[in-house]
Each structure stands twice: as structure tokens, then as C-alpha cells.
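Trainee: Below are the C-alpha cells for one structure; questions will follow.
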Amino acid sequence: MNYWLVKSEPFKYSWDHFVAEGKSMWDGVRNYQARNNMMAMKAGDLVLFYHSNEGKEVVGLAKVAKEHYPDPTTDDPRWVVVNLVPVEKFPKTVTLAYMKSDERLKDMALIKQSRLSVIPLKAEEFDLIVALAHE
DNA sequence: GCCAACGTTGGC
DNA sequence: GCCAACGTTGGC
């Protein structure tokens with residue numbers, strides 16, 4: 001089991017929209033590092049859903065429903081998508097400001113590489129964020 | 001709205 | 001293969 005965090009701008013694709021649809025094909029990733037992370041996702045892996053720009057907080061939990069396959073929105077064979085399904089809307093969001101302030105989270109790729117949109121998490125980081133989201 | 005960080009492109 | 005120019009992302 002691996003843990004991930006995906007970013008989405010809520011104006012383009014919000015958590016609420018994701019829940020309303022019940023699933024999501026995570027397309028539009030055009031960055032090799034993010035692509036490589038998606039290719040490493042396994043069905044059942046858990047994924048934190050983060051709102052960038054507006055909110056700047058982790059809002060919910062998703063899981064990988066289908067492993068990577070070619071991105072149908074482009075003819076370019078380099079890019080892939082995965083399918084995600086919502087698991088849980090967190091009772092409490094975890095903000096970027098908090099994550100930056102916590103010693104245990106300051107090495108997260110989310111903070112160190114702010115432009116990466118698909119980010120691997122350590123189990124400890126994942127567990128801590130989920131715990132904070134339920135406080 | 002600005003700007004820093006960083007990835008990509010293209011000329012040489 | 002290097003590097004300058006440029007575009008995009010995302011925090012502030």
C-alpha cells in the first residue's frame with residue numbers, strides 16, 4: 001500500500017465536484033515526475049485530495065480505483081491517467097500553513113516541491129494528516 | 001497581481 | 001549537450 005496526494009484547483013475541479021460525479025479520471029497531468037508517480041499507483045492506494053490556490057488545504061480522502069492507462073484526452077502516448085473514487089470528506093481540513101508549521105511534515109514533497117501535482121507520501125505523513133483531519 | 005521556482009523548448 | 005528564453009504553477 002502506498003500513499004499519495006493529488007492537487008486540484010477547486011475552480012477547475014473541486015472535491016465537491018469529485019463527490020458529485022462519484023469517480024474521476026485524473027487527466028491533464030503533463031509533468032514527467034507527476035506522471036511517474038501516477039504510474040506507480042496501485043489499485044486501492046489511498047490518496048489525499050488537496051485544493052491548491054483557493055483553500056490550500058487537504059479536504060478529503062480518495063482511493064485508486066483503476067491503475068494507469070493511456071490518457072484518452074491526448075494522442076501523445078507519453079501521458080497516462082488513473083481513476084480515483086472518493087472515500088471520505090474530512091470533518092476538518094488540514095491547511096498548508098499547518099503542514100508547513102509541523103516539524104513532522106516539513107519534509108513533505110508538497111512543501112519542498114510546490115509545483116508537483118501528484119506527490120508520494122510516507123505512511124507516517126499520511127497517517128498524521130488523516131489523524132489531524134479527524135481531531 | 002506579483003514573483004519565485006522550475007520545467008520545457010529551441011538555437012547554437 | 002548547454003543554456004537562455006519562455007511558459008506555467010502556485011503561494012503570498
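Every read-out reported here was derived from the displayed coordinates using simple, explicitly stated rules and does not represent laboratory data. Just so it is clear, the model here is predicted, and its values are computed rather than measured. Positions of Cβ are backbone-derived with ideal geometry, glycine not excepted, and every protein chain shown enters the neighbour counts.
Trainee: Could you work out the longest stretch of chain A that avoids the trypsin sites (Lys or Arg not before Pro) located in DSSP loops with at most 12 other Cβ atoms within 10 Å?
Mentor: The longest uninterrupted stretch comes out as A:43-77.
Trainee: Anything over 26 Å Cα to Cα? Flag those among A:66/A:122; A:7/A:89; A:100/A:122; A:63/A:122, in the order listed.
Mentor: Check vs 26 Å cut-off fails for no pair.
Trainee: So what is the orientation-averaged projected area of the stretch A:3-132, using the convex hull of its C-alpha atoms, in nm²?
Mentor: 7.3 nm²
Trainee: Moving to a separate point now. If I build a Gaussian network model for chain A, linking alpha-carbon pairs within less than 10 angstrom, which residue out of A:75, A:45, A:107 has the largest mean-square fluctuation?
Mentor: A:75
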